[in-house]
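Working notes, structure below.
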Amino acid sequence: MEIDGRRLTKEQKEFIRRMAVERVLKGESASEVIRSYGLCRTTIYKWLGIAKTEGLEALKATIGTGRVRTLTAEQELEVKRWIVGKDPRQYDLDYALWTRQIVACLIERFFTIKMSVT
């Protein structure tokens, strides 16, 4: 039975992590636990390392923070005001259409923040 982690809640994932690690710590072989839960072979060893160095509490479900934003909310609104209903030529640029490269150029010019085109 293979477990699709994308369909599990954070609490269910935490329960599986804790149960798998506890079973290994009680003497069951890691390969047997992997097989019974349908886990990736390397996953349980990462969990065991965390439990050994930081304790079982480190296996608790956490809130995903995501990537740190480059611009503040106010700066994002300002960029939106630059674009909506305006033309890049109003900012002394040679193009009439907005591109990601032009927006990144303006952000660097006004906020001195270098951003990738993606």
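Here is the tail figure for the chain: Cα pairs spaced more than 19 Å apart come to 62 percent of all pairs. What lysines sit close enough to Lys80 to cross-link, taking a C-alpha to C-alpha distance under 30 Å and skipping anything fewer than 8 places away on the same chain? Within the straight-line limit of under 30 Å, Lys80 reaches these lysines: Lys114. Bridging of Lys26 to lysines at a Cα separation below 16 Å is possible for Lys52, once same-chain residues fewer than 8 apart are set aside. Overall, the accessible surface of the chain at a probe of 1.4 angstrom is composed of carbon and sulfur to the extent of 55 percent. On the basis of the beta-carbon distance and an R0 of 41 Å, Glu76 and Ser29 show a calculated FRET efficiency of 0.20. Entry comment: accessible area of the range 1-53 is 72 Å² per residue, from protein heavy atoms only and a probe of 1.4 Å.
The values are calculated or read from the model by the stated rules, or taken from the named source; none is laboratory data. Keep in mind that this is a model prediction, so the values were computed, not measured. Methodologically, a virtual Cβ is constructed for each residue, glycine included, from the backbone with ideal geometry; neighbour enumeration extends over all protein chains shown. Areas reflect the complete protein model, heavy atoms only, side chains present, ligands, DNA and RNA absent. Shrake-Rupley method; radii C 1.70, N 1.55, O 1.52, S 1.80 Å.
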